[in-house]
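Taking it in order: structure first as structure tokens, then the write-up.
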Amino acid sequence: MGPGRTQARRPGRRIDHPRRRRRCVGRRGGLDDTVRSGSVRRSLASIVLGFELIVVFLATLVIFGLSDLPAWVTLGGGALLCLIMVATLGLLRYNWAYGIGWAIQVIIVATGFLNPAMFVVGALFAGMWVYCMINGAKIDRQQKENT
């Protein structure tokens with residue numbers, strides 16, 4: 001590059017880009033101080049369902065290896081449950097999706113009939129789900145009252 005020539009800017013790196021300008025407003029120490037939309041209940045539910053998704057996938061493989069059920073039943077049921085959990089993660093913005101989350105907890109506890117260790121795992125996740133639903137809703141109510 002010769003003198004007087006500037007390097008071309010990459011797309012999305014313009015200083016006058018409206019989204020970039022909005023993002024920089026209110027920054028302290030490089031962190032965005034704006035309040036994100038969503039609720040604590042939704043965040044906690046997505047965390048529990050996300051970790052539960054990993055455990056259900058691994059439990060499907062364990063049940064596949066240890067049970068006398070046909071492979072298509074075990075792997076198909078586990079895959080279906082994983083897909084329902086992924087869909088529920090995406091639908092948590094709606095209140096009715098939490099009902100699906102409760103049903104998922106019941107199904108996971110019921111998988112204990114296929115592998116008794118799942119009674120313990122299901123009870124632990126159901127306990128976390130109950131805790132997150134109760135405390136998440138309580139925190140959301142307190143935040144709503146404070147605003």
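Confirm whether T88 is in a helix (DSSP H, G or I) and either touching a Leu at 6+ places or on another chain (Cβ under 7 Å) or basic (K, R) (or both).
Yes, satisfied.
Here are some residues: L91, L61, L81, L49. Which one is closer than 21 Å to N115 by Cα and surrounded by fewer than 17 Cβ atoms within 10 Å (Cβ to Cβ)?
Only one candidate passes the filter, namely L61.
I'm trying to understand the selection: among the residues of the stretch 46-66, which are over 17 Å from V109 (Cα atoms) and touching a residue at least 40 places away in the same chain (Cβ under 8 Å)?
S46, I47, L66
Is it true that C132 is surrounded by 12 or more Cβ atoms within 10 Å (Cβ to Cβ), in contact with a Phe, Trp or Tyr (Cβ under 9 Å, 6 or more places away or on another chain) and not basic (K, R)? If you could, list the steps in order and put the result at the bottom.
Details: surrounded by 12 or more Cβ atoms within 10 Å (Cβ to Cβ): yes; in contact with a Phe, Trp or Tyr (Cβ under 9 Å, 6 or more places away or on another chain): no; not basic (K, R): yes.
So C132 fails the test.
Mind listing whichever residues of the stretch 67-85 are outside any helix (DSSP H, G or I) and out of contact with any Ser or Thr (no Cβ under 8 Å at 6 or more places or on another chain)? So that I can check it myself, show each step before the final result.
In the first step, residues of the stretch 67-85 are kept if they are outside any helix (DSSP H, G or I); the result is 67-70.
D68, L69, P70 - these are the residues of the stretch 67-85 that are outside any helix (DSSP H, G or I) and out of contact with any Ser or Thr (no Cβ under 8 Å at 6 or more places or on another chain).
Looking at A103, is it exposed (fewer than 13 other Cβ atoms within 10 Å of the Cβ), modelled with pLDDT of 95 or more and assigned to a helix (DSSP H, G or I)? Steps first, please.
Working: exposed (fewer than 13 other Cβ atoms within 10 Å of the Cβ): yes; modelled with pLDDT of 95 or more: yes; assigned to a helix (DSSP H, G or I): yes.
When the stated conditions are applied, A103 passes them.
Which of the residues that make up the stretch 129-145 are more than 23 Å from Q105 (Cβ to Cβ) and either of a type in the set (S, T, Y) or touching a residue at least 60 places away in the same chain (Cβ under 8 Å) (or both)? Walk me through it before giving the result.
Initially, the stretch 129-145 is screened for residues more than 23 Å from Q105 (Cβ to Cβ), giving 142-145.
Selection gives Q143 alone.
The values are calculated or read from the model by the stated rules, or taken from the named source; none is laboratory data. Small disclaimer: the values here were computed from a predicted structure and weren't measured. Quick reminder, even Gly has a Cβ in these numbers, built from the backbone with ideal geometry, and neighbours come from all protein chains shown.
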